[in-house]
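Notes to accompany the following structure.
The values are calculated or read from the model by the stated rules, or taken from the named source; none is laboratory data. It should be emphasised that the depicted structure is a prediction, and the values quoted were computed from it without experimental measurement. Neighbour counts are summed over all protein chains in view; Cβ atoms, including those assigned to glycine, are modelled from backbone coordinates with ideal geometry.
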Amino acid sequence: MNEKIFLIIALIIVLAAAGWLILRPKGSKVEVPAGSQSGDLIIEPCEIKMNGTRYKADCGTLVVAENRNNATSRLIALPITRIHSAAENPAEPIFHFAGGPGQSNMGFKPPVWLLANHDIVLVGYRGVDGSSKLDCPEVSAAITGVGGDVLSSDSLDNLSIAMGACSKRLIAEGVDLNGYTIPEVVEDMEAARKALGYKQINLLSESYGTRVAQIYAIMHSDSLKRSAMIAVNPPGHFVWKPEIVDEQVRYYAELCHQDTKCNKSTSDLAATISDVNQSMPKRWVFLPIDPGKVKVVAFSLLFHRNTAPIIFDAYLSAKAGDPSGLAIMSLVYDFIMPNMMTWGEFFAIGYSADFDPNINYREELMTPDAILGSPMSLLVWGSAANFPVAIMPEEYRHVHPTDIETLLVSGSIDFATPAEFAETELLPSLRNGQHIVISEQGHTNDFWSFQHAAAERLLTSFYTTGKAEDSLYSYLPMDFKPAMRFPVLAKILTFTGLLLFVGLGLLINHFIRRHKAVRARLSREI
């Protein structure tokens, strides 16, 4: 009974979160102040509330050119927040670069121990935060697919058409898409550094933000003291490769084999996932099952160790004859995916950084015999031919040697940013680099969710001395018990829907009978 109550609450939270994504308030509009010039900073004291505590801060607007390569470029405005350190004489500030692209850079809530000796600075990402937001309702409508498979050629063609329609509309509205590149983002951050009067800054970047940090080190190395990167994304890796994804599924399968309870459920977790993907039913009861949507949701939830077991449980249940969890995954996709990103900025940044016109992405990424393959990359890169944005200069598309003290932090099973690329492609170029790989950890959320004292020691020691101290980390075995079960959610949803249907039917029947009784009484009176 307790589990059912918990799952009902969980479902309500999921649906409420989906509704919030769709209906969330847009916040106060950031506008370019009259008479301002590129580089101007308008800022005033404010307070930031985090975890029930109010912190002194400065809040304001940074004015920048939309395209610095265009002398007649229009100006855009970006929000900026500086949260003040508790220290009287703090060390170099920390600029935070969040994940994405397509997501805000203003949501980071720094832990108290980071504020103990550093100001924390957040500067909005152009195209997402600020006066110019590259929304693509055309893409939001098309990304739910046509027919029964969101990864079919018809669906991808339709999404490509939507990308083209969005880009044409944005251009007609006066947007210069060539201004939405990582080098321009770096120049925004550098403009903020100068305007705030800092000689040098530290960086704390996550996922996509680590690419911003890497290019910052190329463009303005003298501005940086130290750079910590969590979930490292070297050049070229906005595209997830099917064979790498499948390797990570096999890694999980080996962990499952070593786990007594998981091993009782399947002798080969990877084979189970592959079998289900090869023979997926089209529906469960009245809920459709879209194989492409199931794979995209599976890939996304495999990012983190606390959500991965939910996916494994859904596949194991489907293999045992209960595909209801797959139906919930299709439903989750439709609620979340359309508004998960600011799609115009996502495409502009991603394609300008890593797009290769010589690659047929659809052909490379459509791998029907894969265990899971790369469904998210197939979705967004298999439709990539129709978003006109210039490729950023070649020098920023490759790793460069640097003397900046740099910390790389990876999870050993991070589907989004595999540790091996940080180790083999980026670390050799870092003359003062260090790479910490945390066993059985996934993407960025895992770093902040587990072993808090170890994470604190790791970052504070690095920002203080330039050397990260990781001795507090201990091995945390993978727990394959799901926090909630999609198949149970499906039953609850179906039962609730059935009750509503029956209740509606009874209500309609009541009104019909009442209406007939009134008519009969009136007839007798006449």
Whether any residue in the stretch 189-196 is surrounded by 21 or more Cβ atoms within 10 Å (Cβ to Cβ), small (Gly, Ala, Ser) and within 22 Å of PHE347 (Cβ to Cβ) is what I want to check. no
Tell me whether the stretch 137-145 contains one or more residues that are of a type in the set (Asp, Glu), closer than 16 Å to TRP343 by Cβ, under 21 Å from the mean Cα position of the chain (by Cα) and at pLDDT 95 or above. yes
If you scan the stretch 455-466, which residues turn out to be crowded, with 19+ Cβ neighbours inside 10 Å and not hydroxyl-bearing (Ser, Thr, Tyr)? ALA455, LEU458, LEU459, PHE462
Can we say GLY321 is at positive phi, assigned to a loop (DSSP other than H, G, I, E, B) and out of contact with any helix residue (DSSP H, G or I) (no Cβ under 8 Å at 6 or more places or on another chain)? yes
Among the residues listed as VAL212, VAL296, the single one being within 27 Å of ILE492 (Cα to Cα), out of contact with any Asp or Glu (no Cβ under 6 Å at 6 or more places or on another chain) and surrounded by 15 or more Cβ atoms within 10 Å (Cβ to Cβ): VAL296
Mind counting the residues in the stretch 124-134 that are out of contact with any helix residue (DSSP H, G or I) (no Cβ under 9 Å at 6 or more places or on another chain) and either at positive phi or not polar (S, T, N, Q) (or both)? 2
Got at least one residue in the stretch 135-155 being out of contact with any helix residue (DSSP H, G or I) (no Cβ under 9 Å at 6 or more places or on another chain), without any contact (Cβ under 8 Å) to a residue 60 or more places away in the chain and within 19 Å of VAL296 (Cα to Cα)? yes
Which of the helices (runs of 4 or more DSSP H) found entirely inside the stretch 349-449 contain at least 3 residues meeting this: more than 18 Å from MET229 (Cα to Cα) and free of Cβ contacts under 8 Å to residues at least 40 places away in the same chain? none
Of all residues in the stretch 172-181, which are surrounded by 23 or more Cβ atoms within 10 Å (Cβ to Cβ) and part of a helix (DSSP H, G or I)? LEU177, GLY179
Right, TYR361: aromatic (Phe, Trp, Tyr) and buried (at least 21 other Cβ atoms within 10 Å of the Cβ) or not? no
How many residues are without any contact (Cβ under 8 Å) to a residue 12 or more places away in the chain and not acidic (Asp, Glu) if we restrict to the stretch 248-269? 5
Condition set under 20 Å from GLN441 (Cα atoms) and among the acidic types (Asp, Glu), scope the stretch 396-427, selection surrounded by the fewest Cβ atoms within 10 Å (Cβ to Cβ): answer is GLU420
What number of residues within the stretch 46-67 are in contact with a helix residue (DSSP H, G or I) (Cβ under 6 Å, 6 or more places away or on another chain) and in a loop (DSSP other than H, G, I, E, B)? 2
Could you please give the count of residues in the stretch 76-102 that are surrounded by 20 or more Cβ atoms within 10 Å (Cβ to Cβ) and either at pLDDT below 95 or outside any strand (DSSP E or B) (or both)? 7
Which of the numbered conditions does ARG169 fail, given that it passes all the others? Conditions: (1) farther than 30 Å from ILE289 by Cα; (2) crowded, with 20+ Cβ neighbours inside 10 Å. (2)
Of the numbered conditions (1) of a type in the set (A, V, I, L, M, F, W, C); (2) touching a strand residue (DSSP E or B) at 6+ places or on another chain (Cβ under 8 Å); (3) free of Cβ contacts under 8 Å to residues at least 60 places away in the same chain, LEU115 fails exactly one; give the number of that condition. (3)
